1. Considering only residues that are hydrophobic (A, V, I, L, M, F, W, C) and open to solvent by 60 Å² or more (accessible area, probe 1.4 Å), look in the range 517-542 and name the one that is farthest from Asp483 (Cα to Cα).
2. Answer with yes or no whether Ala401 is in a helix (DSSP H, G or I), open to solvent by 70 Å² or more (accessible area, probe 1.4 Å) and among the hydrophobic types (A, V, I, L, M, F, W, C).
3. Out of all the residues in the range 482-495, is one or more under 20 Å from Arg416 (Cβ atoms) and in a helix (DSSP H, G or I)?
4. Would you confirm whether or not the range 10-26 contains a residue that is surrounded by fewer than 18 Cβ atoms within 10 Å (Cβ to Cβ) and assigned to a strand (DSSP E or B)?
5. Please list, ordered by first then second residue, the pairs with beta carbon atoms under 6 Å, 6 or more apart or interchain, first in the range 417-444 and without any contact (Cβ under 8 Å) to a residue 60 or more places away in the chain, second among the small types (Gly, Ala, Ser).
6. Limited to the range 502-516, what total is found for residues that are open to solvent by less than 50 Å² (accessible area, probe 1.4 Å) and either in contact with a Pro (Cβ under 9 Å, 6 or more places away or on another chain) or among the small types (Gly, Ala, Ser) (or both)?
7. So, of the residues in the range 108-167 that are over 30 Å from Pro40 (Cα atoms), in contact (Cβ under 8 Å) with a residue 40 or more places away in the chain and assigned to a helix (DSSP H, G or I), which turns out to be least open to solvent (accessible area, probe 1.4 Å)?
8. Give the range 53-103 a look and list any residue that's among the small types (Gly, Ala, Ser), within 17 Å of Lys38 (Cα to Cα) and either free of Cβ contacts under 8 Å to residues at least 60 places away in the same chain or open to solvent by 60 Å² or more (accessible area, probe 1.4 Å) (or both), or say none.
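The values are calculated or read from the model by the stated rules, or taken from the named source; none is laboratory data. All values derive from a computational prediction rather than experimental measurement. Ideal geometry is used to build each Cβ from the backbone, glycine not excepted, and the neighbour counts take in all protein chains shown. SASA here: full protein model, heavy atoms, side chains in, ligands and nucleic acids out. Shrake-Rupley method; radii C 1.70, N 1.55, O 1.52, S 1.80 Å.
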Amino acid sequence: MIEAVPLAQIRLAPNPRKRISDDGLVRLARMMMTVGQKIPAIGRRLSASEVLLYEGQRRFLSAGRSVELAGSEGFEELKPIGTLCVILLDHEPTPREIRQLQAHANAREDLTVQDQQDQFDDVWKELGGLPDEQRILGVCDELALPPVVVHNLRRQCTLPEELRGRVAKEPSGDQISITLANQLAEMNATAPALTQAVGDRVVSAEHERQARDDFGAFVHRTVVEGDGAVYAQRIDEGAHLEAAQLLVDARRHLDDDGRERLGGLLGSGEKSLDTVLEELTREARERNAHVVVDEHVRDRASNGKFAWTLDRGRDYARGIWVVDPVFMIGLINEQMPKETVAGQDESYFAAAGVSDEDVAAAQEEDRKARAKAKRDRHAAASANLALGLDISAKLLEPTEAQVRAGCEFLMRLLARDYVEVIAFGAGWTDRDRQQPVGAGERTAPRSPEVIIDAELTRALEHRDPVRGLLSLLARFGAAFVLDPNGVSSSKHLGAARTARHLSEALPGGRSPMRSALWQLMAPMLNPHLTVASRDAFVFDELAGSSTVDLAERARERDLADVDLGDESASAIAA
């Protein structure tokens, strides 16, 4: 039964939509005041003077706003809404039926991510006791959501309250995208402190984009620039890490629970834990001990949930950060040599049983030298691997000086390796790069050295280094799109003299480089040069599959190279 119910009699049932845009309510109120209510709400009459509204929350709230809006600016001729059309149910719906009614209505206007999270959380708890797969399907059925959305909501609900409240479908400011929220949720399962630190670092849309594009580099930068606020030690396979420094860092992040676990692990006995740790640190310094990271260590850290692991794809090794200081201290204690033993040498003298003290000392020195060389090699390899990660992290926000230096390097590289090409392109396109020839008005390019110096100076002095680089590249590209009819013979930069340099710099045929150069130059070309140059840069499939030597055919069509015979010559003369 449908009934027009006065607004005063309507009471809202609990609804997952708790965050409603005020602008949206005003727009809906205007529409309802102008054309009326298009879709009835759904409720149940509790008494003669009260109706409980299960579905139609926004229509009811907009009708209430119409009382305030009627007669105001922009609403001068509109009247307030006094009643709401409601389909009255003849029974009390179950909680499941109510959720389905509201989910159907909310599908017409998306809930905020936070409301969806709350709605998911309620249904997920209600389905407790079922296997996860059945719970997922149950949520999909009750909330009319696809599985991928439900899986995303499940991940988001594991995040700290502050982080999950910042998730948005179209993030801005310090909000985080659903993609980034999923990555943070996976991290949060093993590294909640690191998750919070990474989330706190996202304070702008640019930071959010950087984290999405290269999550590992963003995490690395968070740790490096965090001044030790969060514990996360990266362990790369083959690395030799200084044990004493690892102990200092790990001890700083030990909490009460960690100290209790560590006491049982180290078996401190009558000594205090701090005393044992100080002795271990002192021993590590004296022995110059290093922790050797191999595949076994990395697997132990990852499988035991002592570390956060970033899967970087099939072609790259996993990134692993140890986030449990107890694991690291235990590993150091495990790898610490318990006593100093002279290395056994398998040389001739050792096999012969030589016991001379000088020979034994030499053996010990040799063992130490080999051990030090091995540590140095591993340290160098670790430093090289760390450089790769540092490059990714630092280039998330390159400084203005870095951008200018990078552009200058490329400019000087171009100017060094392509003198004739750039001079040819600039010399025939810029009057300032030409000089008079003879007594007439004819001009020709200056010498290549003079032109390249002028072009490089102009590019380097440009206030925007990227545009300066592009200006030099454009002169390079101009060399390949000039109309040869406008290029005369020249001592330095004639077409014939420069042809070899052009061919070496950019060979003909289909190539990514030619395609990129065309993308750069095409917007600058006038119609005449576009038509003249296009075939040398743009290849369709038909042209690409042709077996005809077009260059050879073009030469055959040159009248200067074709013998026309006497009759043809006479006919032409006639």
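1. Step one: of the range 517-542, the residues hydrophobic (A, V, I, L, M, F, W, C) are 517-518, 520-522, 524-525, 529, 531-532, 536-539, 542.
Within this subset, residues satisfying the condition of being open to solvent by 60 Å² or more (accessible area, probe 1.4 Å) are 524, 531-532, 539, 542.
Working: Met524: 14, Val531: 10, Ala532: 7, Phe539: 20, Leu542: 26 Å.
For the range 517-542, the residue satisfying everything is Leu542.
2. On the way: in a helix (DSSP H, G or I): yes; open to solvent by 70 Å² or more (accessible area, probe 1.4 Å): yes; among the hydrophobic types (A, V, I, L, M, F, W, C): yes.
Yes.
3. Keep residues of the range 482-495 that are under 20 Å from Arg416 (Cβ atoms), which gives 492-493.
Those still in the list that are in a helix (DSSP H, G or I) too: none.
No, the range 482-495 has no match at all.
4. yes
5. Pairs that qualify, where the first residue is without any contact (Cβ under 8 Å) to a residue 60 or more places away in the chain and the partner is among the small types (Gly, Ala, Ser), are Gly425/Ala478; Gly425/Ala479; Thr429/Ala478; Arg433/Ala426; Arg433/Gly427; Val437/Ala444; Ala444/Ser490.
6. First, the residues of the range 502-516 that are open to solvent by less than 50 Å² (accessible area, probe 1.4 Å): 502, 505-506, 509, 511, 514.
The next check asks that each one be either in contact with a Pro (Cβ under 9 Å, 6 or more places away or on another chain) or among the small types (Gly, Ala, Ser) (or both); those that pass are 505, 509, 511, 514.
Selection size over the range 502-516: 4.
7. Among residues in the range 108-167 that are over 30 Å from Pro40 (Cα atoms), in contact (Cβ under 8 Å) with a residue 40 or more places away in the chain and assigned to a helix (DSSP H, G or I), the one least open to solvent (accessible area, probe 1.4 Å) is Gln156.
8. In the first step, residues of the range 53-103 are kept if they are among the small types (Gly, Ala, Ser); the result is 56, 62-64, 66, 70-72, 74, 82, 103.
Keeping just the survivors that are within 17 Å of Lys38 (Cα to Cα) gives 56, 62-64, 66, 82.
Within the range 53-103, Gly56, Ser62, Ala63, Gly64, Ser66 meet the criteria.
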